[in-house]
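The values are calculated or read from the model by the stated rules, or taken from the named source; none is laboratory data. Small disclaimer: the values here were computed from a predicted structure and weren't measured. Cβ sites come from the backbone with ideal geometry, for glycine too, and all protein chains shown count toward neighbours.
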Amino acid sequence: MYETKYHRPKTLAEAVETFSGANEPAYLSGGHTLIPAMKGRLAAPANLIDVRRIPELCGVRIEADRVIVGSATTHAAVAASKEIAAVIPALSGLAGSIADVQVRHVGTIGGSVANNDPAADYPSAVLGLDATIHTDRRAIVSDGYFAGLYTTALEEGEILTRLEFKIPEIAGYAKFRNPASRYALAAAFVAKHRDGHVRVAITGAGNSGVFRWTAAEDALTAHLAPEALKGLLPDPADMMGDMHASAEYRAHLVAVMTRRAVASLGGVEIN
């Protein structure tokens, strides 16, 4: 068994200082990716820096046209937030659809977005709501953040501190999930923004992770209704194929889930 030292800093500054001075450090938030990787000997950090209880990384607030969520805020807290439900019910519904109740009470929004699992829910909300990702060093726009499977624009030691979601005119989320893992085989987040433009973000299906389906965005910006998507299908060559679903089937699911997200604008539809 390898030795790991556990740290629980009280402030963001202390967390950053601990990371910079530690040998083989890793930040720990919900731990739903890191801990299994450690159990499987795929990761062996010498120092774990737990950021979940840092007050400045937790909580939800509304400022003007933005919903601001601290990176250490749990899925359960996002799902239960009356503030979020009042302005972006699709976001609180998305959070409430993640995994199961045990995971939702431990997993955090920042951990999910920093890890960028190709089947995770939150990345689609980040892209669909044109969020800004704030770290201890800078602000990153959503279109410049995701960089492929399990890859983001975050640099070594950079810690995600909060996410700022634009409040849309209306939004909807639809997900078809694997009945065993509860991860999305395909899911669509659709948001009509106050400038009239519609953003469509797809997770669970793309062979390079979360992506914007621009053809659907153009069609829905012209006419925000499920029938506007008739005949549209993403290229199966851009879809992931595995033991759970072929690329062709995922392309079909993307089209179906996007239509359902439009039909459920103002809420969430989960299969």
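Each residue in segment 222-271 was checked for being modelled with pLDDT of 95 or more, exposed (fewer than 15 other Cβ atoms within 10 Å of the Cβ) and of a type in the set (D, E, K, R), and 4 pass. For segment 30-50, the count of residues that are in contact with a Gly (Cβ under 7 Å, 6 or more places away or on another chain), of a type outside the set (V, I, T) and surrounded by 13 or more Cβ atoms within 10 Å (Cβ to Cβ) is at least one. Taking the listed residues T74, T4, T18, the one that is surrounded by fewer than 16 Cβ atoms within 10 Å (Cβ to Cβ), hydroxyl-bearing (S, T, Y) and touching a strand residue (DSSP E or B) at 6+ places or on another chain (Cβ under 8 Å) is T4, with no other qualifying. Taking segment 147-175 only, how many residues are surrounded by fewer than 24 Cβ atoms within 10 Å (Cβ to Cβ) and within 17 Å of F211 (Cα to Cα)? So the count comes out to 7.
Please verify whether A43 is under 17 Å from the mean Cα position of the chain (by Cα) and over 17 Å from A131 (Cα atoms), treating the condition exactly as stated. Give the steps one after another, and end with the answer.
Values: under 17 Å from the mean Cα position of the chain (by Cα): no; over 17 Å from A131 (Cα atoms): yes.
Criteria not met by A43.
For segment 165-211, the set of residues classified as among the charged types (D, E, K, R) and closer than 16 Å to S92 by Cβ consists of K166, K175, listed by residue number. Of the residues that sit in segment 119-142 and are without any contact (Cβ under 8 Å) to a residue 40 or more places away in the chain and not in a strand (DSSP E or B), which one is farthest from I84 (Cα to Cα)? The selected residue is R137. From the list Y150, Y122, the one residue that fits, being within 18 Å of T73 (Cβ to Cβ), hydroxyl-bearing (S, T, Y), in contact with a helix residue (DSSP H, G or I) (Cβ under 7 Å, 6 or more places away or on another chain) and not assigned by TED's automatic domain parsing to the domain that holds A261, is Y122.
Within segment 147-225, which strands (runs of 3 or more DSSP E) (wholly inside it) include 2 or more residues that are more than 18 Å from G110 (Cβ to Cβ) and touching a residue at least 24 places away in the same chain (Cβ under 8 Å)?
Numbers: elements: 160-166, 170-177, 184-192, 198-203.
It comes to 170-177, 184-192, 198-203.
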